[in-house]
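Participant: Provided herewith is a single structure, encoded as structure tokens, for subsequent inquiry.
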Amino acid sequence: MSQSFLSEEDAELREFFAEDATELLVEVREILASMLRGEATEGGLESVRRGFHNLKGAAMSLPGCDSLESFTRLSETLATALEQGVIAANPEVLTLLDEAAAAIQDLLAEHAMEPRLPLLPNQLVMALMYCQDKLVGIDASLDGAQAPVSLEEPLRQFRAAN
């Protein structure tokens, strides 16, 4: 039988997590917005990846955050592929990461103190999983000998169909 409330200790941890996560997501979204405007950001992709990585790690350590941990894992995988130059940083992919960060912000704003966080939007989960499936076929050990793969058009078509 699952608890219908958070213990005092878990509630305190969840509150700190929500505050820190909100600040981190604001930073991630600012970097992505700059990149979408075509502005170069020194270490921007690394900061985006680290942001999702840190959220994933924190969510793993908190009870009731399974859905958030899975979602941030998918987001981190996509951000890692961008950072490593495996896929091209184009508006479609950057927008997807921004939407993922916004969905996490919304989730925490509305449900941070619930014993079990609800699932994130299915369309975003599906789009992130689609990208991850595409990455499976790409050699992640590219040493710069090949240009990054563009997921822009396949992702656009996938999202239009779903």
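Every number here is computed from the coordinates shown, using simple stated rules; none is lab data. Model, not experiment: these values are computed from the prediction. So basically every Cβ, Gly included, is an ideal-geometry build from the backbone, and we count neighbours across all protein chains shown.
Participant: Explain nothing, just the number: relative contact order of the chain, from Cα pairs under 8 Å at least 6 residues apart, as a whole percent.
Facilitator: Computed value for the chain: 28 percent relative contact order.
Participant: Tell me, what ³J(HN,Hα) does each residue in the range 147-156 have, in order and in whole Hz, if you take phi through Karplus 6.51 cos²θ - 1.76 cosθ + 1.60 with θ = phi - 60° and put x for Gly and Pro?
Facilitator: Whole-Hz 3J(HN,Hα) from phi for the range 147-156: 6, x, 7, 9, 9, 4, 5, x, 5, 4.
Participant: Can I ask one more? Calculate the tail of P(r) for the range 76-116: the fraction of all Cα-Cα distances greater than 13 Å, expressed in %.
Facilitator: 59 percent
Participant: Additional query: Please name which of G57, L68, A81 has its Cα lying farthest along the dipole of the chain towards the positive end, using unit charges on Cβ (Lys, Arg +1; Asp, Glu -1) and the Cα centre as origin.
Facilitator: Farthest towards the positive end: A81.
Participant: Quote the FRET efficiency, to the nearest 0.05, computed for E15 versus N122 with a Förster distance R0 of 35 Å and r equal to the Cβ-Cβ distance.
Facilitator: Once rounded, the FRET efficiency stands at 0.80.
Participant: Please arrange D106, D98, D10 by counting, for each residue, the other beta carbons lying within 10 Å of its beta carbon, fewest first. Could you put the intermediate results ahead of the total?
Facilitator: Values: D106 12, D98 20, D10 16.
Going from sparsest to densest Cβ surroundings: D106, D10, D98.
Participant: Which Cα, out of L13, A103, A161, lies furthest along the positive dipole direction of the chain (beta carbon charges, K/R +1, D/E -1)?
Facilitator: The residue sitting most towards the positive pole is A161.
Participant: Follow-up question, since we're still on this one. Using alpha carbons only, how many degrees (0 to 90, rounded to 10) separate the axis of helix 66-83 from the longest principal axis of the chain?
Facilitator: Value to nearest ten degrees: 20.
Participant: Here's a follow-up. Could you size up the charge dipole of the chain around its Cα centre, putting +1 on the beta carbon of Lys and Arg and -1 on that of Asp and Glu, and report it in debye to the nearest 20?
Facilitator: 600 debye
Participant: Another one. Please report, for the Cα atoms of the range 52-106, the Rg to one decimal and the Dmax as a whole number; what are they, in angstrom?
Facilitator: 11.7, 35
Participant: Sort V136, V26, V48 by Cβ crowding within 10 Å, fewest neighbours at the top.
Facilitator: Ascending Cβ contact count within 10 Å gives the list V136, V26, V48.
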